[in-house]
Each structure stands twice: as structure tokens, then as C-alpha cells.
Amino acid sequence: MGGMTSQPLNTSAPSAPEEGPEPLSVAQLLLRAARDHAHSGVRYLVGPTASESVRQSYPELLESALGLLSALRGRGLRPRDTVALLLDRQPEFLTVLWACLLGGFVPCPMVPIPGDPARWSAQLAHANGLLDGPLLVTTEAMRAELPEVPGLAVAVVEELRDEAADPSRAERGRTPAAHSAASEDLALLVLTSGSTGNSKAVTLTHGNILASMAGKAGKQQLTAADTTFNWISYDHVAALLEAHMLPLYVGAEQLHAEAAVILEEPLRFLRIISRHKVTMTFTPNFLLGPLNSSVHEIAEEISAGGEGLDLSALRHIVSGGEANVVATGEAFLAHYAPYGLREGALWPAFGMTETCAGSIYNRAFPVTDVGQEFANLGTPVEGLRIRVADDDHRALPAGEIGELQLSGPMITSGYYHDEAATEAAFTPDGWFRSGDLGRIDEGRLTLVGRSKDSVIVNGVNYFSHEIEAALEQLDDVASGFVAAFPTRRPGSDTEQLVIAVSPEPADDDEAGLHRMITAVRSTVVIHWGFRPFLILPLPKDAFPKTSLGKTLRRRMRHRLESGGYDEVIERFAELTTRRLGGHTPPEGETERILAEIYAEMFDTVPERISATAGFFDLGGTSLDILRLRRQVHRRLGVADLPVITVLTAPSVRQLAARLGDGGAPGAAAYDPVVPLQTGGEKTPLFCVHPGVGEVLVFVNLAKYFVGDRPFYALRARGFNEHEKPFTSFEEMVECYVEAIRARQPHGPYAVAGYSYGGAVAFEIAKALEAQGERVDFVGSFNLPPHIKYRMEELDFVETATNLAFFLDLINKKQSLDLPAELRPLPREEQLAHLLRIAPRGRLDELDLDLDTFTAWAELAHGLTTLGRDYHPSGTTRSMTVFYAIPLRGTKEDWLENELRRWDEHTTEPNRYLDVPGEHYTLMGPRHVAAFQAVLRRELDRALGDADRARTAGQA
């Protein structure tokens, strides 16, 4: 290379389809495929295991798209108008996408932010301004979830479809004509990050996309005889261009499955390839690790007479999105070679949104990568030039490390309406700056790091500043002294996240430090769905900063990987072990296997798992319960481990004892108190369940109380087979008071309740005070004292539908529409319908089938019935009422006209505290960190004297 641009190893001409001239616009890809490859098309794999399918030929896709084009034109859209696509079902997404491209409109895929209306509203408002007031096309169900955004124009795809089918609205019976776009016209906008309110929009022209198609087809040598498979969602540029438009370009058959299907069970990736004789597919590197771990499982299944595995048709797997670990790739090829996988089937690759996805491919893996930790990325497609350059953008000689820069017809010209970002993205001589650091050896590119501040975990890009901003909201973390950066252990399948924080608690406050570490970990898991690999509590002077105060994350990473933080890591590992009660080795086969399961889940070794450490104390969340249940089934043969067993017996030793000698969970006697967190010396908090009777809603909240005060949840009676539900409100209160006093014989007490539970907590406080005990804190989470009016609105079907909504089985629109639809049906059919439309993965996570859901719905209906006869009377000393956006009406009316009626039932003034979120989301993933901070401060205020006395008495 001599410091100049690289030359591709593959110099053959791109393999364009045989029929017809090269297309001049992206729309002509579909027109040509429908004409020349009418027997090919898109097969959507549906159902929870992707075992069913719906097929749409290319002519059918074209016909459907042209119909919607007519409807969109009827809405006033003209060429170059922008259209935002918020569509979660694949057939609808592709139909609307092609309607836009055929009409010359500019589509921009978007993703929702459920459970956080404020953040979603900010994102939509930003996109509305950035994209020049686009038409947002979505579904009826998604429309019901959309926050109100002034000036946002919304079209519902179901209505567009009806308009397309209406002859009076059609274009006089004629097939709509496709718009003739020029090569330089804008074809597609792709947001750089769907999770932020300040996303940039990458501009891709027709010329960019067509150049990339020609380059990809030439490199991959795809033809109409191929069958491709994709499971990445369409907001990702690789799914849109690599996995959809590329097979369309050559006329190949293409399969698409939902991402959740593969992420839930990675082996389905190979089963689908085998079943459908797939010849080309794409996956980020992180999926290879689980597939390597599952090779014995699939061998056992096949030997037991299960479905065979034939990978002989698979020509190549393009693997991009993150670095490819050579050892992982080699192991994958070796493990599945007996099933026909070719020796050179894995192609590490590089691509960005700005390069129209894949643009550099390593077709020689693993031959050119022997002895290396990370695979090289090969050579560029035809027409793309690459170089590595120094800080002054001068090309560097072969083998030297610099920033990867690219030039070619498939490279974006910049960012939509963002001149500053566009200027920063290009060098003075016009090369695109990737932000990646790499070197070029013999024409092959190898990346060694990134100059941009982000972390790639399991193929997903997380921005450091977003993680840091969320963590700086925590009480015990010093603002301005949080750093999120990646590391990669030798041989690891993916990057891991490191969080460095400066703690507010003093070094000698072990309980405070442990609580801070737990809060940081929990916040990352709740927000982003994965655990930090390492949390580093550091003093403020250990954060290297620029003269402008920016933390130098790359310097901190270098210090970590050179051993500079080893002492800190060891010290806080010992602290965590002490706070978890020391280390108790597992005993017996069941405990040993459970320790291995816990170690695998929490990314450690079995020797570090204490038999007495709780599942949630170790970092488990409600999301991890499903994984635990599956592993217990696979390793111990227990098919149906109840969720409540994990909650009430969370340690290796407790769970092993509950599983018993017979391998089945034993039935424990009913105890309403579920100890979600038992550490800390302050006065315990007892939280009463909402109207659904269950306590899972408190699991994430309880994590923030580690080392602070015990957190107990009160669960209704009637979930287990031998239990009879309460027959009166008074019986329920009496049972809970007795259970509370069994845990804590004397006050001062702290009790609270969420929604329905607020009234129960009030009655508990009255009963305890009547027994001569002191109650220093009584909390109501967003419910007034008079609940009978709300209870009288709820018949059985309304209660069951609300339960389904509360459990995320249905969406908000369905919760409003379904009661009237279901009411005429028999009760069993009402519940069966709710389960049929629920996401399969969510049902598994909650351990729900028709019998258990029926029992739960009847229990919730029973609690509702008890609430109809409840009339608040009497007083307690005082209340703290936490108020959020109500189910209906304004927050101000809710506070003044409903919640302040608590003043009638206390002898001293009450406190009313505003918390973010809505009634159903105030403790959800996006708001729990803020809510816990308000709650803990209020508990400390109300119980200050009692906590100090209690701590002194235990010293």
C-alpha cells in the first residue's frame, strides 16, 4: 500500500443480474425483480419458534407497495417528502418502505421507546424537526402508544390499506406509476442512534445504494439461485441493505425472522439455515459464542431422535457489527463441520450506515488470521478505497495504526440538515472519517480500536455519554466523575462494559459502597439489558481529564488492560464477598450444578459463587429468571420452576433445598412476606402488592436498597394450588399485619403500597397503631383512599385485560379495545384469546399458561371485588403520597381532587411528592432509578431518629 489507498484483492466485475440493464434508481430494484424473478420473494418466518411462514413473491410485494403508494399520494405526499416508518411487523415495514421508494418519498426507519413517554416524545419531536415534518406511518396499536407531539403528522397503515382498496380513491383504476429518481437524489435516511433525542440522519442517495449493491454482489457472488436469511431488525442498516436489498438485487429468495426468535434461542439460527437450505446469512460475532456452547446440546437432541442439522448448502455467513475473535470463529467452524459447514464459511466484515452497510469482507478466514486474536476484515468491494491516516489526515505506511478513512460512490455525502456534523465527518481532501483505528497489511484491513466514544456489546453500539448521564443521576455517584468504556478479555466473544465511578460514600462506609456498586449495576441492566463486566470505584483524582474537563476514557482503558486497576478490582471484590456474607462452598450435586449455572449467568467462575449468596444480590434481575429456569430444566431436569420459588429461595442453598431429592420444587406454606432484599440495618420497608396481587413489580426497586434497609414485599394469597384467596378486605389486612409482626415484632414500622396496595398499607398502619405500635412511614404510590369507584368500573374481562396490560402481554390500545370485543365470549375463551395474542417470550418469562393465567385473573378479580366494599375510615398519623401521571385526566386534577383526600384520614400534615412516569411505569425501567431516590430520601427523613437508634442498638 505504501501509505496510499488499498487495492481490492477481488478484481472481478460485479455480478449484476443477467436480465436487463443496471437500474438507475433503487425503486427499479423491485420493479426488475418482480419482472425477471417472479418466482422468488420474501418468506416471513412467524410464530414463537419461527416454525410457520408467510410468503410474498416479488410481484406481490410490488403490487402491495403500489397500492399503498396510491394511498400515500392521496395524503398529499410528493417526491422528496420525508416519511418516518414506525412499524414493528416485517411485512408492513417492507411494503411501506417500497411504497416510499416507488413514489420518490424518502423513508426513515424509527424504533419506539416504550415505557418512557417523556423520552419518546423528545425523540419524536427531534425527528419531526430534523426531517422537515415527515409523515409518520405506524400501526393502529402503535398509534395508541404514541405520546402527543405538536405538529407531528401520523398515518395509520391499516387506514392506508383500506384507502388503497377503495376504488373511489384509487388512481382511476390505473396502476400508479413509479417516480423516476436521479442517481444523486436522496433515497433513504437512517438515524445514527434510535435511543437519543439528538440523533443524526445519514443521507443515502440512489447512487450510494446502487453502487453498494453492485459491490456487495460482486464480492459475495450471489445469484438468483441463492436463499438468504436475516434476523436483524430493519432499523439496522445491515438488515435493510445487506439482508433485504442485496438478495432483491440479484433476484434471490430471502427469509426473515424476528430478532427475538434467535436471541431467545440461538440454535434456531442454525436450524432455520438447515431447514430452508440457506446459502447466505448475516450475524454479529456475539451469536457465535452461544452456538459454540450449544454444540453438545444439539448433538444430544439429534442422538435422541430430534431434528437433524444439515449446513452443507450454506456458502457463507457475513459477520459484522463488532470485532470477530479468531478463536471463537475457528471453534464455530470446527464444531459444526460434522454437520456440513464449510471450512471458509465465516466471513468477518466491516460496514457502517455511512458506507451502506457491508463494504469490506474477509473471504479468507481463518487462513489469513492464524495466531491472531482478532480477525482481519479483508479487502474492500469494487469502487471503495480505504486508507489509515494520522491526526493530520496523512496516509500512513502499511502496518502502522491510524484512523480508518474511506472514499467511494457508496459513501454518504453527510448528515441531513447538519452541516457541522457533516464537516466533522470528512477530511479536507474528502475522505470519510470512520472513527475506527486500524492498520492495513498486504491490502487487508485490521481494526484495533475506536476513536469514537462508544461500546459495542453483542453487536449493539452503546454511547458512553448516554450510560454516564443515566448513572450520574444516582445519589451515591459524584456528578462529572463517571466513565463508561469498553474492554475485551483475551478470547472473549464480545466487548464488555467497564464503569468507573467516584463514589460519594467514604472509603470506610462498606455498606454505602456496596449499595452504590449494586445501584450502578442494576441501572445498567434495567436500562440496557446487560451487566457491566466491571465497576471501578475510584477517587476523583483518578479520572484523567482534558483542560476542558473531558474524561480521557481511552487512557483509563489502557490503564485497566495494563493492570493499573488490579488492586482496586481485588479490594472491591473482597468487599462484595463480605457484604454477601462471606463465601460458603456449595455442598452436594444439586448445589454444585446450581453454582455452575449462577456462575455462567453472572460471568464468573463457580468457585466464586457462595452457596448462601442470593440470586438478586449477585446481580440477577427479573429478566434473568427465565434464563435460570431454562438452565435448571436443562441441567437438573426440573421442567417448571415457579417464579415465586426463585423469589423466596434465591440462594444456591435455599433453591437446592426447595428442589428437594425428587427434583421438583416443594410447596411451601403460604407466607405473604417475600424478602426481596435483606441487607442493611435501618428499619425495614414492607410494600404491599398492587391490584394484580403479585410482587414482581418491586424486584428492580428493591435492588437500590442493598446495604441500606431490608425490603419486603407482600404477596396475595391464592397463587398456589393449595391456597384459598382472601374472602374479605379485613382478612387480608389481618393476615398481612400478623406476617409483618412475625418478621419485625415491634415498631417503628414503615409500610407502603402501590396502587390498590396503598389502601391496604393505610389499613395495616391503622391496625399496628391500634396495637400500640409506632408507624413512622406510610406511603401510597399514586392511589387515593377511595378505591371503590375504580373497582366498580372493573368487571372480570376488564380486570383480566388490565392484568394482561400490566404484564406487558398486550399494548395500551388493545387494553382499551379488547374488553368490548371479549365480553360476549365465555370466560375461558376471553383468557385464551389474551394469551394467543401475547408475545411468546413474555409468557415464558412469567411462567404463564392458560391455567396459571386463569388463576391469576380470578385472584385479581377477587381482589377487585374486595375493593368494591372498601370504605376508608379512621386515621393514621400521616401519609406520604407519591404521585405520577394518572390513568386518565391531568396530574394536577388527580393531585388536588383525588389524592389530597388522604388529608381526611391523618392527624398530621401529609407530604405529596411528584415522581416521573405514568401510573403503570413509575417503577418501570426508565423511571425506577429516579423513583427509588425520592423514596429512599423520604424514608430517611421519616425514619431518621428510629434508624439512628436502631443502628446504635446493633453496634
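The values are calculated or read from the model by the stated rules, or taken from the named source; none is laboratory data. Please read all numbers here as calculations on a predicted model, not as lab measurements. Every residue, glycine among them, receives a Cβ derived from its backbone with ideal geometry; neighbour counts consider all protein chains shown.
List of remarks:
- Scope the range 863-877; condition within 24 Å of Glu938 (Cα to Cα) and buried (at least 20 other Cβ atoms within 10 Å of the Cβ); matching residues: Thr876
- Taking the range 789-819 as the range and being surrounded by fewer than 18 Cβ atoms within 10 Å (Cβ to Cβ) and more than 17 Å from Arg888 (Cβ to Cβ) as the test, the residues that pass are Asp795, Asp808.
- Enumeration of residues in the range 911-935 that are basic (Lys, Arg) and surrounded by fewer than 20 Cβ atoms within 10 Å (Cβ to Cβ): Arg911
Listed here are the residues, each with its yes/no results for (1) part of a loop (DSSP other than H, G, I, E, B); (2) of a type in the set (Ser, Thr, Tyr).
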{"residue": "Leu641", "(1), (2)": "yes, no"}
{"residue": "Gln654", "(1), (2)": "no, no"}
{"residue": "Tyr670", "(1), (2)": "yes, yes"}
{"residue": "Glu681", "(1), (2)": "yes, no"}
{"residue": "Cys687", "(1), (2)": "no, no"}
{"residue": "Leu701", "(1), (2)": "no, no"}
{"residue": "Tyr712", "(1), (2)": "no, yes"}
{"residue": "Lys724", "(1), (2)": "yes, no"}
{"residue": "Val737", "(1), (2)": "no, no"}
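- Being over 28 Å from Asp893 (Cα atoms) and modelled with pLDDT of 95 or more is a description that does not apply to Val751.
- Scanning the range 558-601 for residues that are among the charged types (D, E, K, R) and not in a helix (DSSP H, G or I) yields one hit, Glu587.
- Flag for Val448 being more than 21 Å from Leu538 (Cβ to Cβ), out of contact with any strand residue (DSSP E or B) (no Cβ under 8 Å at 6 or more places or on another chain) and modelled with pLDDT under 80: no
- Meets criteria (buried (at least 19 other Cβ atoms within 10 Å of the Cβ) and either closer than 19 Å to Ala656 by Cβ or touching a helix residue (DSSP H, G or I) at 6+ places or on another chain (Cβ under 9 Å) (or both)) for Thr523: yes
- Only one entry of Ala639, Ala599 meets the criterion of being in contact with a helix residue (DSSP H, G or I) (Cβ under 9 Å, 6 or more places away or on another chain), surrounded by fewer than 18 Cβ atoms within 10 Å (Cβ to Cβ), outside the structural domain of Asp844 (by TED's automatic domain parsing) and at pLDDT 80 or above, and that entry is Ala599.
- Among the residues of this structure, Ser319 does not count as one that is free of Cβ contacts under 8 Å to residues at least 60 places away in the same chain and surrounded by fewer than 16 Cβ atoms within 10 Å (Cβ to Cβ).
- Condition met for Leu887 (assigned to a loop (DSSP other than H, G, I, E, B) and more than 30 Å from Leu263 (Cα to Cα)): yes
- Long-range neighbours under 6 Å by Cβ, at least six apart or interchain, first residue assigned by TED's automatic domain parsing to the domain that holds Glu769 within the range 897-912, second among the aromatic types (Phe, Trp, Tyr): Leu899/Tyr883; Asn910/Trp902
- Filter pass, Pro824 being out of contact with any Gly (no Cβ under 8 Å at 6 or more places or on another chain) and either assigned by TED's automatic domain parsing to the domain that holds Tyr712 or outside any helix (DSSP H, G or I) (or both): yes
- Cβ-Cβ under 9 Å pairs, at least 6 apart or on other chains, the range 826-852 side modelled with pLDDT of 80 or more, far side aromatic (Phe, Trp, Tyr) and not in a helix (DSSP H, G or I): Thr852/Phe719
- Residue list for the range 482-518, restricted to those being part of a strand (DSSP E or B), surrounded by fewer than 22 Cβ atoms within 10 Å (Cβ to Cβ) and within 26 Å of the chain's Cα centre (by Cα): Thr487, Gln496
- Filtering the range 566-587 to residues that are of a type in the set (Lys, Arg) and surrounded by 16 or more Cβ atoms within 10 Å (Cβ to Cβ) leaves only Arg579.
- Here the range 544-565 is the region considered, the condition is being in contact with a strand residue (DSSP E or B) (Cβ under 6 Å, 6 or more places away or on another chain) and among the basic types (Lys, Arg), and the residue that is surrounded by the most Cβ atoms within 10 Å (Cβ to Cβ) is Arg553.
- Count of the range 734-759 residues which are under 21 Å from Val697 (Cβ atoms) and either surrounded by 24 or more Cβ atoms within 10 Å (Cβ to Cβ) or under 38 Å from the mean Cα position of the chain (by Cα) (or both): 14
- Elements of type helices (runs of 4 or more DSSP H) in the range 232-332, at least 2 residues being modelled with pLDDT under 95: 259-264, 267-276, 288-293, 295-303
- The criterion of being surrounded by fewer than 24 Cβ atoms within 10 Å (Cβ to Cβ) and under 22 Å from the mean Cα position of the chain (by Cα) holds for Arg119.
- Unmet requirement for Asp903, which otherwise passes all of (1) more than 30 Å from Pro725 (Cα to Cα); (2) surrounded by fewer than 19 Cβ atoms within 10 Å (Cβ to Cβ); (3) touching an Asp or Glu at 6+ places or on another chain (Cβ under 9 Å): (3)
- Thr890 vs. criteria of a type in the set (Val, Ile, Thr), assigned by TED's automatic domain parsing to the domain that holds Phe705 and at pLDDT 85 or above: yes
- Top-ranked residue of the range 61-92 - restricted to ones that are acidic (Asp, Glu) and under 27 Å from Leu255 (Cα atoms), ranked as farthest from the chain's Cα centre (by Cα): Glu63
- Residue within the range 344-357 that is at pLDDT 85 or above, surrounded by fewer than 17 Cβ atoms within 10 Å (Cβ to Cβ), over 29 Å from the mean Cα position of the chain (by Cα) and under 28 Å from Arg444 (Cα atoms) present: yes
- Test for Gly619: is it within 26 Å of Gln496 (Cα to Cα) and modelled with pLDDT under 75: yes
- Enumeration of residues in the range 263-272 that are touching a residue at least 60 places away in the same chain (Cβ under 8 Å) and either out of contact with any strand residue (DSSP E or B) (no Cβ under 8 Å at 6 or more places or on another chain) or not hydrophobic (A, V, I, L, M, F, W, C) (or both): Glu264, Glu265, Arg268, Leu270
- All conditions in (1) within 20 Å of Glu140 (Cβ to Cβ); (2) at pLDDT 85 or above; (3) not in a helix (DSSP H, G or I); (4) not small (Gly, Ala, Ser) hold for Leu783, with the sole exception of (1).
- Leading residue by the ranking (nearest to Phe374 (Cα to Cα)) among those in the range 333-346 that are of a type outside the set (Ser, Thr, Tyr) and outside any loop (DSSP other than H, G, I, E, B): Leu346
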